[in-house]
Amino acid sequence: MRTASDTPLLYVDQLEKALGSDIPGHERKWAEDVGRALARVEIAVRQHAASVEGPGGMYAQVDLTRPTLARQVSELRQEHRDFLEQTNLLGNEVLKAAGLFASRAQPGGEVSKLPEPAGAYAIPDFGAIRQRVEKFIHALQHHLDVENALIVESVTAEIGVGD
């Protein structure tokens with residue numbers, strides 16, 4: 001059975017694969033691949049949010065007369081917005097990292113072997129970027145688990161199972 005959380009998870013798998021590839025010597029490709037995967041996750045999260053928050057969506061099935069469930073739905077809706085903001089920020093970060101590893105050819109055909117001076121154009125910490133993306137992935141997976149548990153709890157309480 002497919003659930004509303006299936007689509008984002010398919011793209012999260014692709015993001016994890018891109019994230020797990022080797023970085024040294026492949027910095028630009030790694031950053032571009034992770035950036036593309038993040039863009040797909042962003043689209044999937046946007047579609048997922050529209051689907052579950054819509055009039056016929058998953059959240060419409062929740063008993064919103066119960067304050068606890070109404071609060072959870074509100075928090076989950078905010079998390080959708082937070083995830084979209086995070087994908088945008090992370091995507092910009094990896095795009096910037098990819099740009100720093102563009103060809104170092106200088107006018108006249110000379111290649112500079114030295115990295116840019118530290119500062120605004122410092123060499124990015126790819127390990128730190130990887131950790132931030134992994135943290136994002138874990139948060140998104142947790143969100144989808146909570147979302148599915150909320151639906152089960154609402155349906156279970158509605159039909160009186162467990163009384």
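Working only within the stretch 97-136, note down all residues that are small (Gly, Ala, Ser) and either in a strand (DSSP E or B) or modelled with pLDDT of 85 or more (or both).
Once the filter is applied, which keeps residues that are small (Gly, Ala, Ser) and either in a strand (DSSP E or B) or modelled with pLDDT of 85 or more (or both), the stretch 97-136 yields ALA97, ALA98, GLY99, ALA105, GLY127, ALA128.
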message = Name the residue that is modelled with the lowest pLDDT, counting only residues in the stretch 1-32 that are more than 28 Å from PRO124 (Cα to Cα), part of a loop (DSSP other than H, G, I, E, B) and among the polar types (S, T, N, Q).
response = THR3
ask   = Considering the stretch 81-101 alone, what residues qualify as being under 10 Å from the mean Cα position of the chain (by Cα) and over 16 Å from ALA128 (Cβ atoms)?
value = ASP82, PHE83, LEU84, GLU85, THR87, ASN88
ask   = Just wondering, is there one or more residues in the stretch 30-37 that are surrounded by fewer than 18 Cβ atoms within 10 Å (Cβ to Cβ) and touching a residue at least 40 places away in the same chain (Cβ under 8 Å)?
value = no
Residues (of a type in the set (D, E, K, R) and either within 20 Å of ARG77 (Cβ to Cβ) or modelled with pLDDT of 95 or more (or both)) located in the stretch 137-163 = ASP145, GLU147, GLU153
SER21 farther than 29 Å from ALA97 by Cα, over 17 Å from the mean Cα position of the chain (by Cα) and surrounded by fewer than 18 Cβ atoms within 10 Å (Cβ to Cβ) = no
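The values are calculated or read from the model by the stated rules, or taken from the named source; none is laboratory data. This structure is a prediction, so every number in the text was calculated from the model and none was measured. With ideal geometry, Cβ positions are generated from the backbone for all residues, glycine too; neighbour counts draw on all protein chains shown.
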